[in-house]
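The values are calculated or read from the model by the stated rules, or taken from the named source; none is laboratory data. Computed from a prediction, not measured in an experiment: that's the story for all the values here. When we count neighbours, we look across all protein chains shown, and the Cβ atoms used for this are built from the backbone with ideal geometry, even at glycine. Keep in mind that these areas ignore ligands, DNA and RNA; they rest on the heavy atoms of the full protein, side chains included. Shrake-Rupley method; radii C 1.70, N 1.55, O 1.52, S 1.80 Å.
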Amino acid sequence: MSFNASDASGAGGSAGDIATISAMGAHTLPVITSIVLRDSAEVFDQHPIEAEHVAEPARTILEDVTLAAWKVGFLGNADNVAAVAEILSDYTDVPLVSYLPNLSWMDDDAQMAYLDAFRELILPATMVLVGSHSTLTDF
């Protein structure tokens, strides 16, 4: 299951996760967390999906599917980080790959809240952490 943004450029987000996971021979269960507004070079803005609308489809499909792994990408805001972390905490035996994108385009307060929530709630469960070099260095 992949939690990630919808990115119409196809450069990342759920589109990238679907392509990557499919290339590895697995079926992706994408859960959209945000709609990212970008062109081929940069992100301009995003609109997070409400936390309950992130959690509900994930919990619904998890009722009858067995997962091989989690992929956490950009979650949109700190509320969504908390919602996803709550779901992950119910499946601690499933490996987690987490991604930290470059968030320099976000408002400073929103960025700090996101990173603090990620550090506290997602990072402890992460088996593999990947991301933007500058974000990982700062993180």
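See the values below:
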item: For the range 119-139 versus the range 1-61, the gap between their alpha-carbon centres in whole angstrom; result: 18 Å
item: Directionally averaged projected area (convex hull, Cα atoms, the range 1-50), nm²; result: 3.3 nm²
item: Environment charge at Leu121 (Cβ cut-off 12 Å; Lys +1, Arg +1, Asp -1, Glu -1); result: -3
item: 1.4 Å probe accessible area per residue over the range 80-135, in Å²; result: 53 Å²
item: Rough spin-label spacing in nm, given labels placed 7 Å along Cα→Cβ, for Ala113 and Phe44; result: 2.4 nm
item: Nearest-ten-degree value, helix 13-23 long axis tilted from longest Cα axis of the chain; result: 50 degrees
item: Distance between modelled label sites at Ser89 and Thr135, nm, 7 Å Cα→Cβ extension; result: 2.3 nm
item: Length released on extending from Thr60 to Thr20, taking residue separation times 0.36 nm less the Cα-Cα span; result: 12.0 nm
item: The range 31-95: GluC sites (Glu not before Pro) in DSSP loop, at most 14 other beta carbons within 10 Å; result: Glu42, Glu50, Glu63
item: Portion, in percent, of the accessible area of the range 1-90 that falls on carbon or sulfur, probe 1.4 Å; result: 54 percent
item: Considering only the range 1-65, percent of DSSP beta bridges that pair antiparallel, nearest 5; result: 50 percent
item: Convex hull of Cα atoms in the range 84-139, direction-averaged projection (nm²); result: 3.8 nm²
item: Value of Rg to Rh for the chain (Rh from inverse mean 1/r over Cα pairs, i.e. Kirkwood); result: 0.93
